[in-house]
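> What follows is a structure written as structure tokens; I'll ask about it next.
No value in this document is a laboratory result; all are computed from the given coordinates. Computed from a prediction, not measured in an experiment: that's the story for all the values here. Counting neighbours? That spans all protein chains shown, and the Cβs are built from the backbone with ideal geometry, glycine included.
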Amino acid sequence: MNRDLRAAYDAEMSIAKSLYRERDYDRCFMHLERAHILGQRNYIPHVINHWWMLKAGWRKSDAREVLGQIVRIVGSAGSLVGAVPLGNTGRANVSAIKPMPIPADLARYFDRIR
């Protein structure tokens, strides 16, 4: 993960963790989704992101999210071989294999990849 991408991922995760501590899980998920887009091609950040999604889903008592995140934690191994759909938000309410549009402000981190 290059330095700029890592800094952007870390910033989104930091905001998400702060919102988690504040029990603002909806906004927490918004930043976890952004962090997922940034980190999903790197195994450790990918797994960490899904762990935090699982925790937030648990706090929201959202069984679908919790189960979906357990599956996605296992499936994060796909990032080891480049088998991840670019732009996917990582939530249980979307297909784990569906490519999605990248938000405009995050697209610059992927210009060299596309």
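> For the range 66-114, rounded, prolate or oblate, judged on the Cα gyration tensor with a ≥ b ≥ c (square roots of eigenvalues), a/c < 1.5 rounded, else prolate if a/b > b/c?
Oblate, because a/c is 1.5 or more while a/b does not exceed b/c.
> Of G68, P103, L32, which is farthest on the positive side of the dipole of the range 3-107, counting Cα position, with +1 on Lys and Arg Cβ, -1 on Asp and Glu Cβ, and the Cα centre as origin?
Projecting each Cα onto the dipole axis, the largest value belongs to G68.
> Filter the chain for me: DSSP H helices, axial length by Cα at least 15 angstrom, mean Kyte-Doolittle hydropathy not below 1.0. List them by residue number.
Taking the DSSP H segments of the chain (at least 15 Å long, mean hydropathy at least 1.0), we get none.
> Would you kindly give the portion of the calculated P(r) for the chain that falls above 23 Å, as a percent of all Cα pairs?
In whole percent, the long-distance tail amounts to 20.
> So which chymotrypsin sites (Phe, Trp or Tyr not before Pro) in the range 1-72 end up in coil per DSSP with only 13 or fewer other C-beta atoms within 10 Å?
When the chymotrypsin sites (Phe, Trp or Tyr not before Pro) of the range 1-72 are filtered for loop state and at most 13 Cβ neighbours within 10 Å, nothing remains.
> Sticking with this structure for a sec: For A11 and V94 in the same chain, what is the full-extension length gain: residue separation times 0.36 nm, less their Cα-Cα distance, in nm?
Extra length available between A11 and V94 comes to 27.5 nm.
> In debye, nearest 20, what is the charge dipole magnitude of the chain about its Cα centre with +1 on Lys and Arg Cβ and -1 on Asp and Glu Cβ, if you could check?
That gives the chain a dipole magnitude of about 140 debye.
> With a Förster radius of 25 Å, plug the Cβ-Cβ distance of D24 and V81 into 1/(1 + (r/R0)^6) and report the FRET value to the nearest 0.05.
Using R0 = 25 Å, I get an efficiency of 0.10.
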